[in-house]
1. Limited to segment 43-66, what total is found for residues that are of a type in the set (A, V, I, L, M), closer than 13 Å to CYS125 by Cα and over 12 Å from the mean Cα position of the chain (by Cα)?
2. So GLY127 fits all but one of (1) modelled with pLDDT of 95 or more; (2) surrounded by fewer than 17 Cβ atoms within 10 Å (Cβ to Cβ); what number is the exception?
3. List the residue pairs whose Cβ atoms are under 9 Å apart, where the first residue sits in segment 61-76 and is under 7 Å from GLY26 (Cβ atoms), the second is buried (at least 20 other Cβ atoms within 10 Å of the Cβ) and of a type in the set (Ser, Thr, Tyr), and the two are 6 or more positions apart or on different chains.
4. Counting only residues that are over 19 Å from GLY32 (Cβ atoms) and either open to solvent by less than 10 Å² (accessible area, probe 1.4 Å) or touching a Phe, Trp or Tyr at 6+ places or on another chain (Cβ under 6 Å) (or both), how many does segment 51-66 have?
5. Of the conditions (1) assigned to a loop (DSSP other than H, G, I, E, B); (2) under 15 Å from the mean Cα position of the chain (by Cα); (3) not basic (Lys, Arg), ILE121 satisfies every one except a single condition; which number is it?
6. Go through segment 96-111 and give me each residue that's open to solvent by 40 Å² or more (accessible area, probe 1.4 Å) and assigned to a loop (DSSP other than H, G, I, E, B).
7. Looking at segment 117-134 only, could you name the residues that are in contact with a Phe, Trp or Tyr (Cβ under 9 Å, 6 or more places away or on another chain) and without any contact (Cβ under 8 Å) to a residue 24 or more places away in the chain?
8. Determine which single condition VAL48 fails, assuming it passes every other condition in (1) over 18 Å from GLU135 (Cβ atoms); (2) in contact with a Phe, Trp or Tyr (Cβ under 8 Å, 6 or more places away or on another chain).
Amino acid sequence: MRFFNSLLIAASLLLVSPVLFAQDLGIQFYPGTFEQALAQAKADNKCVFLDAYTTWCVPCQRMDKRVFVDPEVGQFYNQNYISVKMDMDRPEAKEIIKAYGVKYFPTFLYFNSEGEAVHKISGECDGFTLNQHGEEAMDTNKQYFTLMKA
């Protein structure tokens, strides 16, 4: 009986532990401000990924629940970017909206390690596509703002 109880406990832990640890496998969003994220990115020689969202945006909510928690997305973005979220309904977001032409939600803005905006994508997508956008943002031949300047 004792062996059976031990076996049952071990099996339960094996089933529950992936669920508990899976929460940490997605994108780890920077806890500070956008300016602090830019400074951290410069120090780490990483780019910045900004999720420009609103609390009332249903596609934004789906991105949070389905895409940003994806382990493959998390691995790519955590390795290459300092990721930060910004609620576009907050007063400090007005500058971002105006400077980068944010009209739809979600909008994803990508900045190089010097804090220069290089890429912009709007709209909900799946994890594979978000990773593609992240790769494009690092390719000077595909960056939205870089191509607009040229």
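1. Looking only at segment 43-66, we keep the residues that are of a type in the set (A, V, I, L, M), and these are 43, 48, 50, 52, 58, 63.
The next check asks that each one be closer than 13 Å to CYS125 by Cα; those that pass are 58, 63.
Of the ones still in play, those that are also over 12 Å from the mean Cα position of the chain (by Cα) are 58.
Count: 1.
2. (2)
3. PHE68/TYR77; PHE68/SER83
4. Counting residues in segment 51-66 that are over 19 Å from GLY32 (Cβ atoms) and either open to solvent by less than 10 Å² (accessible area, probe 1.4 Å) or touching a Phe, Trp or Tyr at 6+ places or on another chain (Cβ under 6 Å) (or both) gives 4.
5. (1)
6. So in segment 96-111, the residues open to solvent by 40 Å² or more (accessible area, probe 1.4 Å) come out as 97-100, 103-105.
Scanning segment 96-111 gives LYS103, TYR104, PHE105.
7. Hits for segment 117-134 are ILE121, SER122.
8. That leaves (1) as the condition not met.
The values are calculated or read from the model by the stated rules, or taken from the named source; none is laboratory data. Predicted model, so just to flag it, every value in this text is computed and none were measured. Note that each Cβ is placed from the backbone with ideal geometry, even for glycine, and that neighbours are counted across all protein chains shown. Remember, those area values only see protein heavy atoms, side chains included, never the ligands or the DNA or RNA. Shrake-Rupley method; radii C 1.70, N 1.55, O 1.52, S 1.80 Å.
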